[in-house]
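The values are calculated or read from the model by the stated rules, or taken from the named source; none is laboratory data. Since the model is a prediction, treat every value here as computed from it, not as a measurement. Positions of Cβ are generated from backbone atoms using ideal geometry, with glycine treated the same way; all protein chains shown enter the neighbour counts.
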Amino acid sequence: MIREALVRTTPSRWERFTDPRETVLVPPCGAGDASRRVPAALARIEAMTRELRLPAVGFISYEAGAAYGLAVHPPDQTPLLGFTFFARRESFEPGDPPPRGAGYTTGTWEPALNARSYEEKILRIKEYLAAGETYQVNFTYPLRSTFSGDPRAFFFDICAAQGGAFAAFLDFEGGQALLSASPELFLHRQGEQIRALPMKGTAPRGRTLREDQVNLERLRHCPKERAENLMITDMIRNDLGRIARTGSVTVPELFRVERYPRVLQMVSSVTAESDVTLPELLEATFPCASITGAPKKRTMELIRLLEDEPRGFYTGSVGIIEPDQRLRLNVAIRTVLVDRSRGCARFGVGSGIVWDSDPQREYQECATKASILGAPDPAFHLLETVRWNPLRGVDRFDGHLKRASESARYFGITLPPEFLDQASLHSAIGEALARKGGDSAVQAVAGSDATTGPRSLPEGEPSGDWRVRLVLGPRLEIQGAPLPEEFSSARGGPPGGPLPRWRTALATSPVSPGRAWLYHKTTRRGLYEEHLAAHPQAREVLLFNTRGNLTEGCTTSIVLERRDPSSPEAPYLATPPLSEGLLPGVFRESLLNPPRGTTPWTPGGMPLVEEVLPLPLLEGVLRKEVTLYLVNSIRGWIEATLDDSVLLPPIL
């Protein structure tokens, strides 16, 4: 039945199961048959693992709950249970998956409920809540799309988007494939040790590490989310308590918040000890309380009334059962069923509804969970561009390290060790720039400076100041080019002569301050390259956001001379706040928050503050009433001009 399976057995390890031998299957059937056939099938699987000494990989659908006297829709064509025994298993690394096909295509994902219909369902749930029939209802609905291509390629993309630690892929005979990128553990068993990790409570990721931490703390301390999580954790504790050794059920951890690529999730932990059989364990616990509500029996009756169709694989369980009472089963959320023969796909989504749930917020939470279905984010690495000198080393090293470290924590990336220590980085850059070739990943590449064109590396040891590009991948990649003459002394102190002057243009379209990528320096530079290419007459392009405010240049931070009408004789400098949608420039940060006891140089000694800069302020630059500056860690201060020939957006 299952031709091949891929299972994520640890956060850093995947296993591929091939050479299928035998399958235990319970086809769709009524509650009476299910009550006999599901426990018998589980008993047979447990016995066969002992006899064959082989692992069984498979699924239990949500409608298998009928076997335990729980209310569900009559099943569609989805079997209630199916596990296949495999004779071969092999490990592979996350970055080295098995060969995939030529890709895939999905259409628009259409929800079965629009926002208005969803709100009507939530109002009905609140009637049941008000009547005391339930305390929480996990209400779900499906999204559907067309599909063509390789489902394994789609699976790895949604796994990358979700970060599911309990992911599994099942390739069925007949053209169907189950793609479960689940982040939630239903049951893990090692002999008599049983563990569950109920997940309840969701919040969006922030755009920066600081904003992310605010959202994380808000989720962790939200009374509503904590109450929901505690309710489900208590249900699972009670479920395990039915079969556990007396006094062995514990809750080692409550309300831990985990970061995933697109959401934050609240997770608790429940453990127990028991020697019960597999059928007894599933009878006490299936389906997982986190996808039903409380109390389970009555709430599942309400779910059957409220939801319009069977859930199928969604919110059931997918995983592996092994000899010697070992198993690892997920909660089948973030799960897609692909039917290649019909060219379609189905994805379920839902959330826990309580009395104070807001329908619009819950519908948006479902959309956030479904966002993993969108176009995958391109692969990227963090990036830092530094000014380096063989005598001084890296200028403003601490600032570059701080920015990259915060982005690494945000994305869950490990920085290369050479980057973390100033002396090690200095040595690596020196060696790389002195080398003109070789196969090493750390090598000098003759760079192309944006202002002077290609430059070749000098013979022998490098000298003078260099613009060095550091790609912070698994291995440090170094590219360098000597700085042009006009910036040879521009390290942030008083210039030896007039500031360099650059002609600038204004972007023709805005950026959205909600895009997290704007706040992190990465190899995803397409947005900036497109704006620069659209204005070949300019050395820099000024970006603005959908609010109509200036943000930054493509390679620089913006600083604008300002005059307070109440005291025009005391001009000051202003730079946009990060919340407007811009990169936290290292030089910008050194001006705003200089080391204690130091005063950074600024034109005219003017103070620098953060301030929203509406686009109409550029009229003063055009009239040459105020000066526009650009700054970055490589070039220091630059005076910018905005010529009359540069077209400004209609907002001006």
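Could you please find all residues in the range 515-556 being at pLDDT below 95, touching a Lys or Arg at 6+ places or on another chain (Cβ under 7 Å) and closer than 30 Å to Val263 by Cβ? Passing the criteria: Ala516, Trp517.
Residue by residue, here is whether (1) modelled with pLDDT of 95 or more; (2) in the same structural domain as Gln325 (by TED's automatic domain parsing); (3) surrounded by 13 or more Cβ atoms within 10 Å (Cβ to Cβ); (4) farther than 22 Å from Arg311 by Cα holds:
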{"residue": "Pro11", "(1), (2), (3), (4)": "no, yes, no, yes"}
{"residue": "Glu22", "(1), (2), (3), (4)": "yes, yes, yes, yes"}
{"residue": "Ala34", "(1), (2), (3), (4)": "no, yes, yes, no"}
{"residue": "Glu46", "(1), (2), (3), (4)": "yes, yes, yes, yes"}
{"residue": "Ala56", "(1), (2), (3), (4)": "yes, yes, yes, yes"}
{"residue": "Ser61", "(1), (2), (3), (4)": "yes, yes, yes, no"}
{"residue": "Leu80", "(1), (2), (3), (4)": "yes, yes, yes, no"}
{"residue": "Ser91", "(1), (2), (3), (4)": "no, yes, no, yes"}
{"residue": "Gly95", "(1), (2), (3), (4)": "no, yes, no, yes"}
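Scanning the range 550-565 for residues that are over 15 Å from Glu619 (Cβ atoms) and either charged (D, E, K, R) or part of a strand (DSSP E or B) (or both) yields Thr551, Glu552, Gly553, Ser557, Ile558, Val559, Asp564.
The number of residues in the range 207-250 that are touching a residue at least 12 places away in the same chain (Cβ under 8 Å), surrounded by fewer than 19 Cβ atoms within 10 Å (Cβ to Cβ) and among the small types (Gly, Ala, Ser) comes to 3.
The set of residues from the range 518-563 being in contact (Cβ under 8 Å) with a residue 60 or more places away in the chain and among the small types (Gly, Ala, Ser) comprises Ala538, Gly548, Gly553, Ser557. Considering the conditions (1) at pLDDT 95 or above; (2) not in a strand (DSSP E or B), Phe347 is excluded by exactly one of them, (2).
Please find, within the range 262-300, the residue that is surrounded by the fewest Cβ atoms within 10 Å (Cβ to Cβ) out of those that are of a type in the set (Val, Ile, Thr) and in a helix (DSSP H, G or I).
For the range 262-300, the residue satisfying everything is Thr285.
Evaluating Ala574 against the criteria (1) surrounded by fewer than 15 Cβ atoms within 10 Å (Cβ to Cβ); (2) of a type outside the set (S, T, N, Q); (3) under 18 Å from Thr504 (Cβ atoms) leaves one unmet condition, (1).
Confirm whether Val24 is among the β-branched types (Val, Ile, Thr) and touching a helix residue (DSSP H, G or I) at 6+ places or on another chain (Cβ under 7 Å).
yes
Annotation for the range 620-627: at least one member residue is in contact (Cβ under 8 Å) with a residue 40 or more places away in the chain, hydrophobic (A, V, I, L, M, F, W, C) and assigned to a helix (DSSP H, G or I). Only a single item in (1) of a type in the set (Gly, Ala, Ser); (2) modelled with pLDDT of 60 or more; (3) part of a loop (DSSP other than H, G, I, E, B) is not met by Ala490, and it is number (2). Flag not set for Leu187, criterion: farther than 15 Å from Ile320 by Cβ, modelled with pLDDT of 95 or more and aliphatic (A, V, I, L, M).
Of Pro600, Pro616, Pro594, all but one fail to be closer than 19 Å to Pro500 by Cα, surrounded by fewer than 16 Cβ atoms within 10 Å (Cβ to Cβ), under 39 Å from the mean Cα position of the chain (by Cα) and outside the structural domain of Glu211 (by TED's automatic domain parsing); the exception is Pro600. Given the structure, is Gly605 exposed (fewer than 14 other Cβ atoms within 10 Å of the Cβ), touching a Ser or Thr at 6+ places or on another chain (Cβ under 9 Å) and of a type in the set (Gly, Ala, Ser)? It is true that Gly605 is exposed (fewer than 14 other Cβ atoms within 10 Å of the Cβ), touching a Ser or Thr at 6+ places or on another chain (Cβ under 9 Å) and of a type in the set (Gly, Ala, Ser).
Do you know which of the residues in the range 499-524 that are assigned to a strand (DSSP E or B) and among the polar types (S, T, N, Q) is surrounded by the most Cβ atoms within 10 Å (Cβ to Cβ)?
This residue is Thr504.
Residues in the range 525-540 that are assigned to a helix (DSSP H, G or I) and more than 30 Å from Leu401 (Cβ to Cβ): Ala533 alone.
Given the criteria among the small types (Gly, Ala, Ser), within 24 Å of Asp465 (Cα to Cα), surrounded by 15 or more Cβ atoms within 10 Å (Cβ to Cβ) and modelled with pLDDT under 90, does Gly437 qualify? Here the answer is no, as Gly437 does not meet what is asked. When Leu70 is tested against (1) modelled with pLDDT of 95 or more; (2) in contact with a Pro (Cβ under 7 Å, 6 or more places away or on another chain), only condition (2) is not met.
Any residue at all in the range 320-341 that's among the small types (Gly, Ala, Ser) and in a strand (DSSP E or B)? Walk me through it before giving the result.
Narrowing the range 320-341 to residues among the small types (Gly, Ala, Ser): 332, 341.
Narrowing further to those that are in a strand (DSSP E or B): none.
No, the range 320-341 contains no residue that is among the small types (Gly, Ala, Ser) and in a strand (DSSP E or B).
When every residue of the range 568-588 is checked against the conditions, none turns out to be assigned to a strand (DSSP E or B), farther than 23 Å from Gly526 by Cα and touching a residue at least 60 places away in the same chain (Cβ under 8 Å). Considering the range 145-214, the qualifying strands (runs of 3 or more DSSP E), each wholly inside and each with 3 or more residues that are in the same structural domain as Gly247 (by TED's automatic domain parsing) and under 16 Å from the mean Cα position of the chain (by Cα), run over 199-204.
Annotation note: of Val7, Val38, the sole residue that is over 30 Å from Gly163 (Cβ atoms) and surrounded by 23 or more Cβ atoms within 10 Å (Cβ to Cβ) is Val38.
Looking only at the range 301-345, residues that are buried (at least 23 other Cβ atoms within 10 Å of the Cβ) and over 29 Å from Gly175 (Cβ atoms) come to 1 in all. Could you go through the range 421-434 and let me know if any residue there is of a type in the set (Ser, Thr, Tyr), within 17 Å of Arg475 (Cα to Cα) and either in contact with a His (Cβ under 9 Å, 6 or more places away or on another chain) or part of a helix (DSSP H, G or I) (or both). Yes: the range 421-434 contains one or more residues that are of a type in the set (Ser, Thr, Tyr), within 17 Å of Arg475 (Cα to Cα) and either in contact with a His (Cβ under 9 Å, 6 or more places away or on another chain) or part of a helix (DSSP H, G or I) (or both).
Which of the residues spanning the range 113-144 are in a helix (DSSP H, G or I) and touching a residue at least 60 places away in the same chain (Cβ under 8 Å)?
Ala115, Tyr118, Glu119, Lys121, Ile122, Leu123, Arg124, Ile125, Lys126, Tyr128, Leu129, Ala130
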